[in-house]
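See structure below.
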Amino acid sequence: MSRYLWAGFVALLLLIVALGVYTTREPTRLDEAQAALRVASVGSAAAIYVENCAVCHGANGEGIGTLPPLDSEALRAADYDDLFKVIARGRYGTAMTGWHQDEGGMLTTYQVDQLVALIRYAAWGEVRELAAQHGMLPAVLAVPEVSNEQMAQVAELGPEGQLWAEGFQLYATRCTACHGANGEGSSLGVALNTPEVRAQDAETLQRTITMGVAGTLMSPWEQVLEQEEIAALVAFLQHWDALAAEGVELTMPTPVPLDLSDPQAILALGEQLFVTTCTSCHGIDGTGGIGPAINSQQFLSRKDDAALTEAITMGGHRPNSVMPAFGERFTSVEIGAIVDYIRSLEATAPSIADPRGTQQGGGGPPWLRATPDADNPISPGGGQGWGRGQGQGQGQGQGNQQTPSTPAAETLSYRGTVISVNSNALTFRDSATGASVEAMLGPPWWWGDGQILLRPGDSIALEGFIGEGHMELNWIENVTTGERIDLRRADGTPVWQQ
């Protein structure tokens, strides 16, 4: 009999342990199940949103015109019942109609629940990608139009009204895609219609627009806009409140869906995206600037579509590249459209001797082309200083060395700030003059193999000379990090040559 009692006792003990484990695990299991339901709901709701809601609220919930954005922290934190009622019943006095079947709409309670989940939990970039695959991207970028009446109204606001009007027009055509129709900002750019921006002095704002902001999508505009245009844009930004007080505002037009079966529509979209996004670095028509000349036979003949797609998508995530990554900003459809536009340039692209501004080869500088005289080797030890030109040096140079009577190339020394490094092409801003200067860091295969790292914004010092249309370096120091590298030996030969 005792045997049965022991068996019952063991079974009861196991049951108690099992219940304890189940009780401990249950909250986690419920959380996992609810998370799975949210994922499923958002996935189903994305298709409903693209088919019914994107035309008014935008492909990625950014809002169109006066219609509100859905990708907002306020809505993500809103009460469930409030969101359900707005979707189901609509909002009186607005364009938002009731979508529930009981209100004359076409959605069930379950589908409205899914849309609530979308608003509260969705990764909107993925929604935009789905919208792109369904042709819901606009065939024409939504750029607001400035009417003649608005221009005249702004021009009459004060002595500088005409300048404000010119800046107003520039903002509408160049800046709204990232900073919003009325400066409210977006996921791509900060708000500009704010007291904080208006409080900044004109020099600071002009420098930001001219030079861009390192580490962001705000690229330098000095290659696209004239200084007079940038000055007009700054004047407008500083007096935006005066325009708003008179009721002057921009209205985003309703976008027309993109026809994915029309190659010309895809090409037109790619051209618009390139003009609004890429010209600030790659120049108008891709002729080159801070970034390489894309509209060249040298570039297009060695870059296939896969390489172009990777460059746009990955950007600065690739080695030795400071180009922004656009994979999270653009959909695959938009990136494909940009690639199609760039490829369309190949038929008429010119042959550019120096597509990067840092021509390689060519036999080296003139002073290195002379035949070496074995009977008269050059004695090492002659250095150069911080100052421009040859002669007695200071700091890094040896100083008090006899200057050759007929130098073949003038030695130049700089201090400055890194703007960009594309492969082996360095662009920096000279501290003395504020000018943008380009220099060659050495062959790409050599510089990219563990040489010192140069980032935008780093302070640098360097010495070099002008070769054939470009600067070649003797040495460079990253003052910010303390790293230094000599690119030439004492006899002037490059360190990468055996």
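Overview of values
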| read-out | value |
| --- | --- |
| Burial ordering of Phe428, Phe465, fewest other beta-carbon atoms within 10 Å first | Phe465, Phe428 |
| Span per principal axis, largest first, for the Cα atoms of the stretch 263-348 (Å) | 33, 27, 23 |
| Which of Ile476, Ile485 has the fewest Cβ neighbours within 10 Å, and the rest in rising order | Ile485, Ile476 |
| Unit charges at the beta carbon, dipole of the stretch 148-245: most positive-side option, Leu163, Thr210, Ala232 | Thr210 |
| Neighbour cut-off at most 16 other Cβ (10 Å), DSSP loop, GluC sites (Glu not before Pro), the stretch 177-244 | Glu184, Glu226 |
| ³J(HN,Hα) computed for each position of the stretch 274-288 - Karplus, 6.51 cos²θ - 1.76 cosθ + 1.60, integer Hz, glycine/proline x | 5, 4, 7, 10, 9, 5, 5, 10, 9, x, 4, 6, x, 7, x |
| Ordering of 339-348, 264-273, 166-175 by burial proxy (mean other Cβ atoms within 10 Å per residue, highest first) | 166-175, 264-273, 339-348 |
| Given charges at Cβ of Lys, Arg, Asp, Glu: the stretch 263-348 dipole, positive-most of Leu269, Ser301, Val333 | Ser301 |
| Neighbour-count ranking [beta-carbon atoms within 10 angstrom, fewest first] of Ser459, Ser420, Ser147 | Ser147, Ser459, Ser420 |
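Where a number appears in this text, it was derived from the coordinates with a stated rule and is not lab data. All values derive from a computational prediction rather than experimental measurement. In this analysis, Cβ positions are derived from the backbone assuming ideal geometry, glycine residues included, and neighbour counts consider all displayed protein chains.
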